[in-house]
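To keep things clear, I will list the structure first and then write my remarks on it.
The values are calculated or read from the model by the stated rules, or taken from the named source; none is laboratory data. Everything numeric here is computed off the predicted structure, so don't read it as measured data. Neighbour counts run over all protein chains shown; Cβ positions are idealised from the backbone, glycine included. Side chains included, ligands, DNA and RNA excluded: accessible areas come from the protein's heavy atoms. Shrake-Rupley method; radii C 1.70, N 1.55, O 1.52, S 1.80 Å.
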Amino acid sequence: MTLFGALQPFVTRRHVSRSAHGCELCGAPLDRDHAHLADVDRRALACACRPCALLFARPPSPTNDGHPARTRWRAVPERHLRDPSFRLEHHEWEALGIPVGIAFFFRSTAAGGWTAAYPSPAGPVESLLPLETWEAIAARTPLARVLEDDVEALLVSFDAGPDGNGGDCVLVPIHACYALVGRVRRRWRGLDGGDEGRAAVAEHLAALRDHAAVLAPEAS
Ligand SMILES: [Zn+2]
Ligand SMILES: [Zn+2]
């Protein structure tokens, strides 16, 4: 896999100008809070109007042989969920080998399983995942069980500093990860991000956390 691996195709530099051209399926004008569809075949993210997104919001119905029919477009859910009981230990974060304090984990159909990436000033960097370690961690949170392949990610942050509260995890739409990557690209300075860079990322994470609903116990 190339440097950015499974992630790079999703990064839409032209996102703003593309959304200005309207829904990529039907051409309807889009407002700032439009919906998104993942193009599973091209591994790209498309801006879409609500009616088009609704059309693809349900999982494909099973075919005659009982397997879900494969569809090219998958709606990106807008939900944000958190699991207040989940905590990541320092040794676990170290075992994952992520060089910065934040990473996102998602299941990619094309890659055939879990993929991890972290933001950097050069864009998203794919991280080689020690799969057993990650699966043991993921098994502790129902967020990993409800996560939809390709279109949602677990955003895991770890703050080992004196004020840090260990690691936590928020389930977010996949495009929220790219918004974070964009923020790091614009604001990060030097290796540790600098005061402004770190503050910008902390602010973004806090906003995602505040926005997130607690995962209902019946979902676990
Ligand atoms: Zn449309
Ligand atoms: Zn968009």
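Which one is most open to solvent (accessible area, probe 1.4 Å) among residues in the range 131-160 that are charged (D, E, K, R) and under 16 Å from the mean Cα position of the chain (by Cα)?
Arg145
Taking into account only those residues within the range 27-44 that are modelled with pLDDT of 85 or more and in a strand (DSSP E or B), which is farthest from ligand 2 (Cβ to nearest atom)?
Ala38
What are the residues in the range 12-26 that are within 10 Å of ligand 2 (Cβ to nearest atom), assigned to a loop (DSSP other than H, G, I, E, B) and at pLDDT 60 or above, if any?
Once the filter is applied, which keeps residues that are within 10 Å of ligand 2 (Cβ to nearest atom), assigned to a loop (DSSP other than H, G, I, E, B) and at pLDDT 60 or above, the range 12-26 yields Cys23, Glu24.
Within the range 94-108, how many residues are closer than 23 Å to Ala179 by Cβ and either part of a helix (DSSP H, G or I) or not aromatic (Phe, Trp, Tyr) (or both)?
9
Condition (residue is out of contact with any helix residue (DSSP H, G or I) (no Cβ under 9 Å at 6 or more places or on another chain), within 28 Å of Ala206 (Cα to Cα), modelled with pLDDT under 90 and not in a loop (DSSP other than H, G, I, E, B)) applied to the range 58-67: is it met by at least one residue?
no
Have a look at Asp150, Asp192 and point out the one that is in contact (Cβ under 8 Å) with a residue 12 or more places away in the chain and either in contact with a helix residue (DSSP H, G or I) (Cβ under 9 Å, 6 or more places away or on another chain) or under 16 Å from Phe106 (Cβ atoms) (or both).
Asp150
Do any helices (runs of 4 or more DSSP H) entirely within the range 126-219 hold 3 or more residues that are modelled with pLDDT under 90, and if so, which?
174-187, 194-211
Mind listing whichever residues of the range 109-123 are assigned to a strand (DSSP E or B) and either open to solvent by less than 10 Å² (accessible area, probe 1.4 Å) or closer than 15 Å to Asp149 by Cβ (or both)?
The answer is Gly113, Trp114, Thr115, Ala116, Ala117.
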